[in-house]
Amino acid sequence: MCGIVGAVSQRNIVPILIEGLKRLEYRGYDSCGVAVHQDGGLRRARSTSRVAELQAQAEQDGIQAGTGIAHTRWATHGAPAVHNAHPHFSAGPGADVAATGRIALVHNGIIENHDELRAELKARGYVFVSQTDTEVIAHLIDQHYSGDLLDAVQQALPRLKGAYAVAVFCRDEPHRVVAAREGSPLVLGVGQEENFVASDAMALAGVTDQIVYLEEGDVVDLQLGRYWISQLDTRTGRYGTVQREVKTVHAHSGAAELGPYRHYMQKEIFEQPVAIANTLDAVTGISPELFGDGAWRIFKEVDSVLILACGTSYYSGSTAKYWLESIAKIPTSVEIASEYRYRDSVPNPRTLVVTISQSGETADTIAALKHARAQGMNHTLTICNVATSAMVRECALAYITRAGAEIGVASTKAFTTQLVGLFLLTLALAQTRGHLSEADEARHLKDLRHLPVAVQAVLALEPQVIAWSEEFARKENALFLGRGLHYPIALEGALKLKEISYIHAEAYPAGELKHGPLALVTAEMPVVTVAPNDALLEKLKSNMQEVRARGGQLYVFADGDTAIESETGLHVIRMPEHYGVLSPILHVVPLQLLAYHTACARGTDVDKPRNLAKSVTVE
Ligand code: HGA
């Protein structure tokens, strides 16, 4: 989603700003822009094309300076158009923004009271040229400006309701950028006689490794050889200095090589054996300490688990519920973060709150975590792919999956490695609760270690999946069926198909078919069935008969040891032998491949599907 990069330096920082945007580019955006302090005024370039085009435009216009801010936008308020792209300028009441801009600002997040503020600012004579919520912040800061940018920002911020990370500079103070965060991530990068700000340390890789993770409510004043962080003291209503630790962070570049693959999604699907092996690398045995110091004490204390997540992570959590209840015998509920945070629930301080997020910056999940904590639930754990993320910093315990950078918007290797982390959590809780014998532990560990090889064998099914995808590409609807542990896998398969091929897909627990969705089944409706050789297989076969009897076309991923054979109306791809409780990690792989190849056959933008973004940092 949106990215921010800003800098104050003696050298030309435009290449750093552009490179920073490129590092954040994979997260998805619909427009981008850069503004600098040049020749005593504000200069900017904006584009609804790629960052490379913005770069060419900036070069052509001779944009270069030591102070500037840049942004990739994923529109929430106002269409993805140049006039809505950030940076936004304010030039004071009644002034022509383009000619005389005084304040330049970029923003990630959503300002909820933008209508009210816009009306107020319009009444003061401010002219609005965009439909964004962001523009009100620029004008609000301008309204409070009387020679000190920090002071103006500090006065404006308490008026904002919602979530934001902002970076702003002023025509009248050439070597200064002020930035602030509330609900959206922001880091400060400390350099030699120069300072930087960015929405992710990754944007500053190669520029500085000295990073301050700004906390909620922090306002940072960046100048050439100094920076100053302040926080509002709500009792006195004044801002006071706060000290934050400077960490040495070796952030990786987001831009991984594509290698022989056509898309990052395909590459990431094929990286799953390595990603799983890496995620298991440090695991020599099961123990609560895999999740951090003090985990044993917390695991001993908890009597239930509450999983909070969104999208694909919600489905990994839904799969884990089956494991946690059947293996660790611990009552588990799974909630969509954006729902949980706003509903009245009954808090239980002895619950282990588990958040799941690839990026660790998912706004809804972070807010849900804070909501849980505000209700007295302080036993928190996250399964996350980014060790330096807000989620890891916010939670008492963590398991860092080692999927590596995931570029494709549709999550694949992050999902399967989350499942690995959640299975380890299940075993650690089972052990603490006396439900894991040494023999069980050894058996599960052996199966986990064999997973990379087992996933590799499933990947070899790609040619058969490609053959199916050509038929799917001609459809507009699809149903996915699964039962038990594999119902969340059917949900994930349907989500993948929707996200990247734009085919309408729904998933049902197969037993639900006759309670409604069977009405949709015709020869035009492919019905994808996840058919592991587990205790529910015979039930599932009956559900499949219900589809066939109505002329439906079944596409079945059946374990090698089931006796399901291809025949008219029944297409079968044979998976390896049944993989027990870890079977969901294998069964999701052909569903990823099916979505991927169907999307390729339909010619969609697989890695950047329309309207979607990676790392969903707005509510
Ligand atoms: N609300 C602002 C910024 C959106 C954002 O943070 N997207 O990730 C806008 O619509 O421009």
Inset, instruction - Please give every one of the lysines within straight-line cross-link reach of Lys300, meaning a C-alpha to C-alpha distance under 23 Å, and leave out same-chain neighbours fewer than 8 residues apart. - result: Lys321, Lys329, Lys370
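Estimate the FRET efficiency between Asp440 and Thr76 by the formula 1/(1 + (r/R0)^6), using the beta-carbon distance for r and 51 Å for R0, to the nearest 0.05. Intermediate values should be presented prior to the final figure.
Numbers: r = 48 Å, r/R0 = 0.94.
It comes to 0.60.
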Legend entry - Karplus-derived 3J(HN,Hα), 6.51/-1.76/1.60, for each residue of the range 164-177, Hz, glycine and proline x: 7, 10, 10, 9, 9, 9, 10, 3, 8, 9, x, 10, 8, 10
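Under the 0.36 nm per residue contour assumption, what length would be gained going from the current alpha-carbon distance of Thr236 and Asp605 to full extension?
Details: separation 369, 0.36 × 369 = 132.84 nm, distance 5.20 nm.
Gain on extension, Thr236 to Asp605, equals 127.6 nm.
Which ordering of Val274, Val530 is given by a fewest-first count of other beta-carbon atoms within 10 Å?
Details: Val274 16, Val530 30.
Ascending number of Cβ neighbours within 10 Å: Val274, Val530.
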Inset, instruction - Sort Leu280, Leu306, Leu518 so that the residue with the fewest other Cβ atoms within 10 Å of its own Cβ comes first and the one with the most comes last. - result: Leu518, Leu280, Leu306
Legend entry - Estimated [θ] at 222 nm from DSSP helical runs (n ≥ 4, -39500 (n - 2.57)) normalised by residues in the chain, nearest 500: -10500 deg cm²/dmol
Legend entry - Simple label model, 7 Å out from Cα along Cβ direction - Arg343 to Glu112, nm: 1.9 nm
Inset, instruction - Take the alpha-carbon centre of the range 343-393, take the same for the range 260-333, and report the distance between them in whole Å. - result: 14 Å
Legend entry - Hits among aspartates and glutamates - C-alpha to C-alpha of Lys446 under 17 Å, sequence gap 8 or more where chains match: Asp281, Glu438, Glu577
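According to the square roots a ≥ b ≥ c of the eigenvalues of the Cα gyration tensor, what is the shape class of the range 119-183, taking rounded for a/c under 1.5, prolate for a/b larger than b/c otherwise, and oblate for the remainder? List each step's numbers first, then the result.
Numbers: a/c = 1.66, a/b = 1.18, b/c = 1.40.
Oblate shape, in that a/c is at least 1.5 and b/c is the bigger or equal ratio.
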Inset, instruction - Please identify which residues in the range 499-515 have an amide N closer than 19 Å to a label point set 7 Å out from the Cα of Lys539, following the Cα→Cβ vector. - result: 507-515
Inset, instruction - Name all residues of the range 220-235 having a backbone nitrogen under 17 Å from the label point set 7 Å from the Cα of Gln243 along its Cα→Cβ direction, giving them as ranges. - result: 227-231
Legend entry - Within straight-line cross-link reach of Lys475, lysines at Cα separation under 23 Å, skipping those fewer than 8 residues along the same chain: Lys496, Lys498, Lys514, Lys608
Legend entry - For the range 81-137 and the range 32-54, distance of Cα centres in Å: 17 Å
Inset, instruction - Provide the gained length on full extension for the span Leu459 to Tyr502, in nm with one decimal, where the gain is 0.36 nm per separating residue minus the Cα-Cα distance. - result: 13.1 nm
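Rounded to whole Å and sorted largest first, what semi-axes of the equivalent ellipsoid does the C-alpha gyration tensor of the chain yield via the square root of 5 times each eigenvalue?
Values: eigenvalues 421, 151, 92 Å².
So the equivalent ellipsoid measures 46, 27, 21 Å along its semi-axes.
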Inset, instruction - Would you mind checking which residues have amide H under 5 Å from Gln38's amide H? H placed 1.01 Å from N; only 5 or more apart, or other chain. - result: Arg43
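For Leu224 and Asn378, what is the calculated FRET efficiency with R₀ set at 60 Å and r taken between the beta-carbons, to the nearest 0.05? Kindly include the intermediate steps, with their values, before the conclusion.
Values: r = 42 Å, r/R0 = 0.70.
It comes to 0.90.
Based on other C-beta atoms within 10 Å, arrange Met575, Met525 from fewest to most. Please report the intermediate quantities before stating the final value.
On the way: Met575 27, Met525 18.
With the fewest neighbours first, Met575, Met525 line up as Met525, Met575.
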Inset, instruction - Give the share of C-alpha pairs in each 10 angstrom bin for the range 435-488, from 0 to the last occupied bin, in whole percents, shortest bins first. - result: 18, 24, 36, 15, 8, 0
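By DSSP, what percent of the beta bridges with both residues in the chain are antiparallel, rounded to the nearest 5? Display every interim value, and only then the final one.
On the way: 62 of 103 bridges.
Bridges in the chain are about 60 percent antiparallel.
To the nearest 0.05, what FRET efficiency results for Gln10 and Ala549 with a Förster distance of 51 Å applied to their C-beta separation? Intermediate values should be presented prior to the final figure.
Numbers: r = 76 Å, r/R0 = 1.50.
It comes to 0.10.
No lab work stands behind these numbers, since they all come straight from the coordinates. On a predicted model such as this, the values are computed, not experimentally measured, just so you know. With ideal geometry, Cβ positions are generated from the backbone for all residues, glycine too; neighbour counts draw on all protein chains shown.
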